[in-house]
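What follows is a single structure, written as structure tokens, with notes after it.
The values are calculated or read from the model by the stated rules, or taken from the named source; none is laboratory data. Please read all numbers here as calculations on a predicted model, not as lab measurements. So basically every Cβ, Gly included, is an ideal-geometry build from the backbone, and we count neighbours across all protein chains shown. Just the protein is used for accessible areas: all its heavy atoms, side chains included, with ligands, DNA and RNA removed. Shrake-Rupley method; radii C 1.70, N 1.55, O 1.52, S 1.80 Å.
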Amino acid sequence: MPNQSIQLDRVFYALADPTRRAVLERLSVGPAAVSELAQPFDMALPSFTQHLNVLSDCGLVQSQKTGRIRTYQLSPHALIAAEQWMVEQRHLWEARLNQLDSYLKQLKDNPDDSINASI
């Protein structure tokens with residue numbers, strides 16, 4: 001479980017940056033060369049490459065070099081793990097909120113019982 005947690009941390013870290021999210025959105029359309037991915041951003045290529053390295057290190061993208069051109073493509077496996085974690089959290093919090101809702105309805109329907117229960 002610790003390795004899975006570390007990998008999940010790395011995915012969320014990568015997703016926390018708007019530049020990296022924009023790169024992932026672009027790659028959802030299809031593979032692209034580094035120069036094409038970097039074009040919309042006002043930053044030096046080495047700085048942009050660091051963003052690609054973060055995405056690659058956590059498994060969100062894969063690259064392939066053909067000649068002098070490096071092409072990146074989306075690798076959705078890491079996103080699936082993050083999505084699975086979020087679904088589990090949503091179910092947990094929905095259950096907790098349902099319990100709270102039931103408790104609050106019970107307090108509203110029987111206000112005298114809540115005073116006795118706290119004593």
Residues of segment 81-109 being open to solvent by 100 Å² or more (accessible area, probe 1.4 Å) and either touching a residue at least 40 places away in the same chain (Cβ under 8 Å) or not in a helix (DSSP H, G or I) (or both), in sequence order, are Trp85
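One line per residue, one yes/no per condition, for (1) open to solvent by 50 Å² or more (accessible area, probe 1.4 Å); (2) outside any helix (DSSP H, G or I); (3) of a type outside the set (S, T, N, Q):
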{"residue": "Ile6", "(1), (2), (3)": "yes, no, yes"}
{"residue": "Arg21", "(1), (2), (3)": "yes, no, yes"}
{"residue": "Leu37", "(1), (2), (3)": "no, no, yes"}
{"residue": "Asp42", "(1), (2), (3)": "yes, yes, yes"}
Just one of (1) modelled with pLDDT of 90 or more; (2) touching a Gly at 6+ places or on another chain (Cβ under 8 Å); (3) surrounded by 15 or more Cβ atoms within 10 Å (Cβ to Cβ) trips up Ala78, so point out which. (1)
With (1) touching a helix residue (DSSP H, G or I) at 6+ places or on another chain (Cβ under 6 Å); (2) under 19 Å from Phe12 (Cα atoms) as the list, and Gln89 as the residue in question, which single condition is left unmet? (1)
Tally up the residues in segment 63-75 that are surrounded by 15 or more Cβ atoms within 10 Å (Cβ to Cβ) and without any contact (Cβ under 8 Å) to a residue 40 or more places away in the chain, please. 3
Taking the conditions exactly as written (open to solvent by less than 80 Å² (accessible area, probe 1.4 Å), under 19 Å from Ile6 (Cα atoms) and assigned to a loop (DSSP other than H, G, I, E, B)), does Gly30 satisfy them or not? no
Exception for Asp112 within (1) loosely packed, with under 10 Cβ neighbours inside 10 Å; (2) acidic (Asp, Glu); (3) under 20 Å from Val34 (Cβ atoms) falls at (3)
What number goes with the only condition from (1) open to solvent by less than 50 Å² (accessible area, probe 1.4 Å); (2) outside any helix (DSSP H, G or I); (3) of a type outside the set (Asp, Glu) that Leu52 does not pass? (2)
Among all residue pairs at least 6 apart or on different chains, which show Cβ distances below 6 Å where the first residue, located in segment 3-25, is small (Gly, Ala, Ser) and the second is open to solvent by less than 40 Å² (accessible area, probe 1.4 Å)? Ala14/Arg20; Ala14/Val54; Ala14/Leu55; Ala14/Cys58; Ala14/Leu60
